[in-house]
1. For segment 330-422, just the Cα set please: Rg and Dmax, both in angstrom.
2. Compute the accessible area per residue over segment 341-445, keeping the other protein chains in place, probe 1.4 Å, unit Å².
3. Less than 14 Å Cβ to Cβ from ARG132, Lys/Arg counted +1 and Asp/Glu -1: what total charge do the surrounding residues give?
4. Angle check, please: helix 468-484 long axis (alpha carbons) against the longest principal axis of the chain (alpha carbons), in degrees 0 to 90, nearest 10.
5. From the Cα gyration tensor of segment 334-490, with a ≥ b ≥ c the square roots of its eigenvalues, which class applies: rounded if a/c is under 1.5, or else prolate if a/b is larger than b/c, or else oblate?
6. Please sort by residue number the trypsin sites (Lys or Arg not before Pro) in segment 22-89 whose DSSP state is loop and whose Cβ has at most 12 other Cβ atoms within 10 Å.
7. Ignoring any ligand, DNA or RNA, what whole percent of the accessible area of the chain comes from carbon and sulfur when the probe is 1.4 angstrom?
8. Could you pull the Rg and Dmax for segment 2-143, using just the Cα atoms, both in Å?
Amino acid sequence: MCLYAKVLGETTTGLNGAGVIVEVDLERGLPGFEIVGLPDMAIRESRERVRTALKNAGFPFPQNRITVNLAPANLRKDGSGLDLPIAIGILVSLGVLPQDKVQNKVFVGELSLEGVIRAVNGILPMVMEARRQGIPEIFIPAGNGDEGCLVDGIMVFTPGNLKELVSHLLEPYLESLPHKEIEFQESVAEDIDFADVHGQKVIKRAMEIAAAGGHNILLVGSPGSGKTMLARRLPTILPPMTMDEALEVTKIYSIAGLFKNRSGLVSQRPFRSPHHTITLSALIGGGVVPVPGEVTLSHNGVLFLDEFPEFSRAALEVLRQPMEDQFVSISRIQGTYVFPASFLLCCAQNPCPCGYLGDEKKECKCRPVDIERYRRKISGPLSDRIDLQVYVPRVQYRDLQAREKEETSVQIRTRVTVARDIQLRRLKGLGIYCNAAMNHRQVERFCKLDTAGNALMENAFCKLGLSARSYDRILKVARTIADLAGSDTIQTLHLAEAIQLRTQVNQ
């Protein structure tokens with residue numbers, strides 16, 4: 001009997017994997033089972049899972065005092081993926097497995113009570129971290145095989161249960177998963193297309209500008225005017241994801257447990273539409289060991305907030321920082337976790353509580369004080385950060401019956417992609433990829449106005465009471481409109497359209 005064993009495991013921290021050394025020690029005394037090293041509740045409960053799994057798989061369980069240490073001790077560990085290395089460590093300490101048979105191998109997986117190895121979240125970053133550490137072999141659940149085979153340079157094994165794994169360690173017979181060459185091909189939802197939207201020419205134009213420059217957009221209109229329908233089609237006109245973007249999104253979805261039933265990288269841009277009752281932690285991310293929230297799950301995609309004023313004031317105000325910085329920083333005692341949050345925000349709301357203010361067919365019955373209270377739910381600083389604010393009118397009957405074909409998402413997307421390519425060349429080396437991400441100094445450099453443009457901007461700034469932030473954002477939108485038109489300079493008509501799309505709701 002060895003009495004002491006050391007086995008390698010993995011956990012996650014933020015969006016990355018983190019190596020864990022699982023030390024198991026048996027000593028004389030009353031039977032007991034202690035796990036130390038900042039484990040969360042799921043790991044503490046692994047004591048009963050491991051005990052029962054070993055017995056039901058036909059292995060002995062020591063009647064000693066068992067101490068399991070998870071090193072490094074200052075790293076918070078979460079999830080049930082350490083069940084497997086703890087069980088293997090106990091078997092090594094009992095002498096069932098020699099220590100040299102588990103050297104330079106990583107074990108990750110949750111154990112059922114009968115010894116089956118179950119899938120866990122975050123396998124992709126864990127396997128990538130094991131490869132980074134130079135470990136040649138990793139054992140993961142069969143249910144996570146689609147993620148594991150995406151990583152080259154490490155042998156990935158997927159035993160089905162504990163008995164099968166032990167047999168392989170004693171006399172290797174399992175074959176490692178073949179590496180799946182990533183032939184990344186971006187895909188879009190075929191059942192959602194802008195061709196389904198009749199009329200609404202101005203709104204489609206605004207959506208195209210938002211997609212081309214990465215600009216946040218607010219849609220205001222009566223119930224049934226098509227706000228949600230338009231918003232759901234916004235991802236279909238965004239430029240295709242690059243390989244790096246797809247890998248980053250896949251890591252996020254792996255940690256969040258949303259990778260299931262996939263067989264490769266996430267190839268569609270995310271579209272997240274949380275309900276207005278969402279909690280602050282679910283929106284921004286959080287927990288004892290922080291996990292990604294909706295703003296991170298929509299990274300490189302669209303975050304759609306329907307019934308915008310119905311979200312809690314705290315939830316809306318917390319969006320201001322990630323909208324500016326494109327990341328979320330969550331601080332805990334054990335450290336600070338940073339999650340990416342580069343999303344295009346699309347919001348939709350009614351113009352008043354009853355929804356019919358300004359409607360051509362139905363009369364608004366709201367009192368002025370109710371309308372003012374409703375609008376004040378969105379703070380000025382938050383509203384300032386939304387580049388495009390447009391009114392969505394009621395769809396006309398003649399538009400619904402029109403025979404002419406509407407533009408498809410593919411056609412719009414082609415123009416958007418060309419405009420993004422222009423921006424990439426202009427912003428090369430600055431660490432940003434679209435006009436919306438430019439700072440004030442970059443706006444001054446790339447968004448110069450001629451004499452007529454300066455006069456128009458001065459007139460709008462003074463008469464409409466625009467803020468300094470609004471000034472910069474109008475120039476960014478004008479730059480995007482110029483890019484869509486293939487113009488090197490911002491012309492007066494580009495600026496006029498940007499001002500109109502910025503102030504349309506308040507007119």
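The values are calculated or read from the model by the stated rules, or taken from the named source; none is laboratory data. All figures in this text were calculated on a predicted structure; none of them were measured in a lab. All Cβ positions, even for glycine, are placed from backbone atoms using ideal geometry, and neighbour counts span all protein chains on display. Just so you know, the surface numbers come from the protein's heavy atoms only, side chains and all, with ligands and any DNA or RNA stripped out. Shrake-Rupley method; radii C 1.70, N 1.55, O 1.52, S 1.80 Å.
1. 20.3, 62
2. In whole numbers, segment 341-445 has 59 Å² accessible per residue.
3. Net of charged neighbours comes to -1.
4. Once rounded, one gets 90 degrees.
5. Prolate, because a/c is 1.5 or more and a/b exceeds b/c.
6. Those that pass, being in a loop and sparsely packed, are ARG28.
7. 50
8. My reading of the Cα-based Rg and Dmax gives 13.9, 41 Å.
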